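**Student:** Take this structure, written in structure tokens, and hold onto it; I'll ask about it next.
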Amino acid sequence: MLYLHTAPTSFPPRVPQGLTVRRLSAVDAPALAAMDPAMAWIHGSWGGPSALAASGLGWAAFRKEQVLALACTRFLGSRYEDLACATAPGERRRHLALACVTGLTADVTARGHRATWTCSRDNRPSRLLAWTAGFRLAREHVHHVTGPATVSNPSGFRAAA
């Protein structure tokens with residue numbers, strides 16, 4: 001499902017006392033590297049935590065030096081930025097991701113780009129977060145998934161490694 005940011009956030013997120021939500025900077029690389037392993041996928045398209053931290057294209061919710069939630073530009077195009085977010089399992093339902101997405105979306109708009117959100121139809125939490133953050137469904141795509149590809153080699157020829 002592809003969503004475009006077209007509406008204001010449904011309600012301004014209130015950050016709990018003792019937490020800070022702000023744009024990432026290069027000094028945040030160690031905190032990103034120490035994130036809950038369930039969240040580590042989010043810096044994969046950046047080549048690791050240091051690259052994401054230095055990019056300036058992410059927002060995070062912190063408790064001291066600990067990252068509780070993170071939103072970042074997952075794919076950067078010339079006109080669009082597709083966003084992604086992750087929240088530590090014990091910190092969900094506190095609107096931390098919403099606060100991060102709201103800050104990031106404002107940055108995307110200030111850069112003259114359009115924020116997009118992509119998720120599976122089956123990912124209800126992601127769809128609800130997108131809607132609450134002001135994203136509206138633009139189109140649905142059908143993806144077909146198969147197992148690993150098997151390469152047939154009837155000649156028995158082996159390529160040099």
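**Student:** Which three lengths, in whole Å and largest first, does the chain cover when its Cα atoms are put on their principal axes?
**Tutor:** 67, 37, 32
**Student:** Okay, next question. Collect residues whose amide H, placed 1.01 Å from N in the peptide plane, falls under 5 Å from the amide H of VAL21; neighbours closer than 5 in sequence don't count.
**Tutor:** Here PHE62 satisfy the definition.
**Student:** Hey, another quick one. List the trypsin sites (Lys or Arg not before Pro) within the stretch 1-83 that DSSP assigns to loop and that have no more than 11 neighbouring Cβ atoms inside 10 Å. The partial results should precede the final answer.
**Tutor:** Working: sites: ARG14, ARG22, ARG23, ARG63, LYS64, ARG74, ARG79; in loops: ARG14, LYS64, ARG79.
Passing sites in the stretch 1-83 are ARG14, LYS64, ARG79.
**Student:** Considering Cα pairs under 8 angstrom that are at least six residues apart, work out the relative contact order of the chain and quote it in whole percent. Display every interim value, and only then the final one.
**Tutor:** Values: 279 pairs, mean separation 50.7, N = 161.
Normalised by residue count, the contact order of the chain is 32 percent.
**Student:** So, with a 1.4 angstrom probe, what is the percent of accessible area on the chain that is carbon and sulfur? Walk me through the numbers before you get to the answer.
**Tutor:** Numbers: 5450 of 9750 Å².
In the chain, the share of accessible area belonging to carbon and sulfur is 56 percent.
**Student:** What percent antiparallel are the DSSP beta bridges of the stretch 37-123, to the nearest 5?
**Tutor:** Roughly 75 percent of the DSSP beta bridges within the stretch 37-123 come out antiparallel.
**Student:** If you take the square roots of the eigenvalues of the alpha-carbon gyration tensor of the stretch 91-130 and sort them as a ≥ b ≥ c, do you get rounded (a/c under 1.5), prolate (a/b over b/c) or oblate?
**Tutor:** Oblate is the answer for the stretch 91-130, as a/c is 1.5 or above yet b/c matches or exceeds a/b.
**Student:** Relative to the first principal axis of the alpha-carbon coordinates of the chain, what is the inclination of helix 96-110, with its axis defined by its Cα atoms, in degrees from 0 to 90 and to the nearest 10?
**Tutor:** 80
**Student:** To the nearest 0.05, what FRET efficiency results for TRP41 and ARG63 with a Förster distance of 22 Å applied to their C-beta separation? Please list the in-between numbers first.
**Tutor:** On the way: r = 21 Å, r/R0 = 0.96.
My answer for the efficiency is 0.55.
**Student:** Per residue, how much accessible surface does the stretch 1-139 expose to a 1.4 Å probe? Answer in Å², no decimals.
**Tutor:** Values: 7200 Å² over 139 residues.
Per residue, the stretch 1-139 has 52 Å² of solvent-accessible surface.
The values are calculated or read from the model by the stated rules, or taken from the named source; none is laboratory data. Everything numeric in this text was worked out from a predicted model, so none of it was measured. With ideal geometry, Cβ positions are generated from the backbone for all residues, glycine too; neighbour counts draw on all protein chains shown. SASA here: full protein model, heavy atoms, side chains in, ligands and nucleic acids out. Shrake-Rupley method; radii C 1.70, N 1.55, O 1.52, S 1.80 Å.
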